[in-house]
């Protein structure tokens with residue numbers, strides 16, 4: 001016979017806040033599972049550019065970005081990347097959307113893509129424009 005059982009109802013009601021809290025905590029963490037990897041890739045790229053290690057910096061670029069470095073049509077990527085001015089600095093924010101990410105680092109913005117399981121820079125040296133997209137030295 002079905003009926004009202006105060007102990008069972010109270011136990012079920014008591015479980016609701018715990019379930020909701022747990023669901024919110026998991027949802028909050030699920031939005032940026034790659035944030036640390038994105039930050040590390042961005043910092044590594046900026047460090048390589050800043051130190052003049054063009055070959056290592058180019059290895060951190062997507063194929064499209066590698067071919068769009070200033071002067072890349074006339075010289076190797078390693079030489080062309082020396083034209084990029086990355087100052088580095090503190091990471092001011094990271095946003096990840098699936099296989100794409102944006103990192104504010106120093107005064108610049110980098111865009112990254114997840115390619116073959118690795119985060120690579122798809123646009124660098126980007127500055128926001130009053131109207132329209134970012135103006136990037138590489139990619140974009």
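The values are calculated or read from the model by the stated rules, or taken from the named source; none is laboratory data. Keep in mind that this is a model prediction, so the values were computed, not measured. No Cβ is skipped: glycine too gets one built from the backbone with ideal geometry, and neighbour counts run over all protein chains shown.
So is residue 12 assigned to a helix (DSSP H, G or I), modelled with pLDDT under 85, out of contact with any helix residue (DSSP H, G or I) (no Cβ under 7 Å at 6 or more places or on another chain) and surrounded by fewer than 20 Cβ atoms within 10 Å (Cβ to Cβ) or not? Let's see the steps before the verdict.
Details: assigned to a helix (DSSP H, G or I): yes; modelled with pLDDT under 85: yes; out of contact with any helix residue (DSSP H, G or I) (no Cβ under 7 Å at 6 or more places or on another chain): yes; surrounded by fewer than 20 Cβ atoms within 10 Å (Cβ to Cβ): yes.
The answer is yes for residue 12.
Answer yes or no: is there a residue in segment 49-60 that is touching a residue at least 12 places away in the same chain (Cβ under 8 Å), in contact with a strand residue (DSSP E or B) (Cβ under 6 Å, 6 or more places away or on another chain) and closer than 22 Å to residue 128 by Cα.
The answer is no; no qualifying residue exists.
Taking segment 50-89, which residues are farther than 20 Å from residue 108 by Cα and assigned to a loop (DSSP other than H, G, I, E, B)?
Scanning segment 50-89 gives 71, 72, 73, 74, 75, 76.
Please work out if residue 85 is touching a strand residue (DSSP E or B) at 6+ places or on another chain (Cβ under 7 Å), at pLDDT 90 or above and closer than 18 Å to residue 48 by Cβ. Steps first, please.
Working: touching a strand residue (DSSP E or B) at 6+ places or on another chain (Cβ under 7 Å): yes; at pLDDT 90 or above: no; closer than 18 Å to residue 48 by Cβ: yes.
Spelling it out, it is not the case that residue 85 is touching a strand residue (DSSP E or B) at 6+ places or on another chain (Cβ under 7 Å), at pLDDT 90 or above and closer than 18 Å to residue 48 by Cβ.
Look at segment 64-84 and say how many of its residues are under 25 Å from residue 37 (Cβ atoms) and in contact (Cβ under 8 Å) with a residue 24 or more places away in the chain.
So the answer is 7.
Between 132, 139, 92, 71, which is at positive phi and out of contact with any helix residue (DSSP H, G or I) (no Cβ under 6 Å at 6 or more places or on another chain)?
One residue alone meets the criteria, 132.
Which of the residues that make up segment 95-107 are in contact with a helix residue (DSSP H, G or I) (Cβ under 8 Å, 6 or more places away or on another chain) and crowded, with 18+ Cβ neighbours inside 10 Å?
96, 101, 103, 105
Based on what the data block shows, is residue 46 part of a strand (DSSP E or B) and modelled with pLDDT of 90 or more?
no
Within segment 105-123, track down each residue that is outside any strand (DSSP E or B) and either over 21 Å from residue 85 (Cα atoms) or at pLDDT 95 or above (or both).
116, 117
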